[in-house]
Each structure stands twice: as C-alpha cells, then as structure tokens.
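Just so it is clear, none of the values below were taken in a lab; they were calculated from the coordinates. Treat the numbers as computed from the prediction; the structure is a model and nothing was measured. Every residue, glycine among them, receives a Cβ derived from its backbone with ideal geometry; neighbour counts consider all protein chains shown.
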Amino acid sequence: MVLAATKRYTASEYLALEDKAEFKSEFIDGEIIPMAGASANHNKIALNFCRLLPLVIGDQTYETFMSDMRLWMPEYNRYTYPDVMVVAGEPVFVDQRQMEVTNPCLIVEILSSSTQGYDHDGKFRQYRSLSSFREYVLVYQNGYEVDHYVKESEDRWVLLTHRGEGAVIKLVSVPLEVSLRDLYKRVQFS
C-alpha cells in the first residue's frame with residue numbers, strides 16, 4: 001500500500017491561503033490544521049475576560065486581542081489563534097499588515113474536551129518560547145475552574161488552581177483581580 005504524501009506549506013503560502021479562507025486554520029511547521037468552531041460558552045468566557053481588562057492601569061497601557069489575531073512563534077515555525085492575548089505596551093507585529101503579534105505577556109485559552117490536553121502541554125511549551133510571555137490562564141467551560149500559570153524565572157512556572165464561584169484570579173502581568181463569578185457571567189453549565 002502506498003500512502004499519499006501530505007503537502008507541506010511555507011509560512012508565506014499559509015498566510016496567503018489564510019487571507020482568503022472562510023474558516024481559520026493554524027500553521028504548525030508546514031502543516032495547515034483547520035480549527036473547530038467555538039461554543040456559546042467559549043465565546044461568552046472569552047468576551048467576559050476581555051471586558052474585564054482595562055486598557056490603561058496607572059502609567060502602563062495594554063492591548064487586548066481576541067481569537068482573530070494570530071500569534072507567531074518563530075522558534076516553532078507556528079501561527080496560532082489564542083482565545084485572548086494581552087500585550088503590555090506596544091504590540092510587536094510581524095509586518096506592516098498588523099495581523100500577527102509576537103509579544104504577548106498574557107495568553108488565555110478557553111478549554112474544550114478536544115483541546116484541553118494540548119492546551120495544557122503542547123501549546124504551553126511553545127508559548128514559553130516567547131520571551132515576553134509571563135502568564136497563562138486556562139479556563140474550563142463546564143464549571144468554575146481556572147488553571148493559572150505564572151512565570152517566576154526562566155525555567156520555573158507556578159500553577160495556581162482557582163475553583164468555585166467565589167474564587168479570584170490575581171493576575172501578575174496585568175495588575176488586576178478577576179473574579180470567577182464575573183468571568184463566568186451568563187455561562188450555562190451543562
């Protein structure tokens with residue numbers, strides 16, 4: 001039996017295809033991976049998180065991007081679409097089109113049963129290749145639960161787990177507290 005070879009793409013070929021595509025895809029070292037659609041709860045949680053993030057705290061400005069902004073990780077030759085990204089100060093883009101950011105300090109992923117393992121392991125490993133990346137928030141959709149990773153040093157990340165409606169996430173890269181009650185507002189648990 002002969003197996004057909006999978007076509008490999010360059011990053012520029014992927015970007016050209018993605019500009020015309022009806023649906024988003026990720027790019028992982030030559031492979032184009034279609035992304036699944038998101039649930040209503042997924043969208044509500046991402047939007048709630050963005051609503052809670054101020055644009056200015058003290059003298060520091062922040063830019064918040066939702067799932068339509070691509071993230072470029074050159075070490076892994078990868079483009080992906082995190083659910084929420086926050087940049088402290090000015091975003092650094094790949095080029096003048098301003099469609100791919102490279103310097104998030106905070107990334108938020110809303111977990112689904114199909115992506116949960118990968119978001120915890122593979123994506124997290126790749127996100128850590130970005131020197132600006134300091135904080136990772138993983139939000140479960142089926143109850144009041146958040147895994148919160150904070151970078152303490154170059155090779156040390158600490159996991160904080162927040163459970164229950166009354167729990168509060170104390171962000172580090174953005175000096176802000178987020179209550180799970182606010183984060184899960186209007187979310188219907190099944």
Practice problem: Quick one: among Ser129, Ser112, Ser153, which has the greatest mean-square fluctuation in a GNM of the chain with alpha-carbon springs under 10 angstrom? | Solution: Ser153
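Among all stretches of the chain without exposed GluC sites (Glu not before Pro) (DSSP loop, at most 16 other Cβ atoms within 10 Å), which one is longest?
23-153
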Practice problem: Please list the radius of gyration and Dmax for segment 74-152, considering alpha-carbon atoms only, with Å as the unit. | Solution: 12.9, 41
Quiz item: Are there trypsin sites (Lys or Arg not before Pro) in segment 121-190 that DSSP marks as loop and that have at most 14 other Cβ atoms within 10 Å, and which are they?
Solution: Lys185, Arg186
Practice problem: Would you mind counting up the charge near Met99? Only other residues with Cβ under 10 Å from its Cβ, with Lys and Arg at +1 and Asp and Glu at -1. | Solution: -3
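Sort Tyr14, Tyr118 so the one with the fewest other Cβ atoms within 10 Å of its own Cβ comes first.
So the residues, fewest neighbours to most, are Tyr118, Tyr14.
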Practice problem: Could you size up the charge dipole of the chain around its Cα centre, putting +1 on the beta carbon of Lys and Arg and -1 on that of Asp and Glu, and report it in debye to the nearest 20? | Solution: 400 debye
Practice problem: Would you mind giving the three semi-axes, in whole Å and largest first, of the ellipsoid equivalent to the chain according to its Cα gyration tensor? | Solution: 28, 20, 16
Quiz item: How many angstrom separate the Cα center of segment 153-179 from the Cα center of segment 1-59?
Solution: 25 Å
Quiz item: Going by how many other Cβ atoms sit within 10 Å of their own, how do Val174, Val108, Val56 line up, fewest first?
Solution: Val56, Val174, Val108
Exercise. Could you tell me which of the pairs Lys7/Lys44; Lys44/Lys123; Lys7/Lys151; Lys20/Lys44; Lys7/Lys185; Lys151/Lys185 are separated by over 32 angstrom between their Cα atoms in the structure shown?
Key: Lys7/Lys44; Lys7/Lys151; Lys7/Lys185
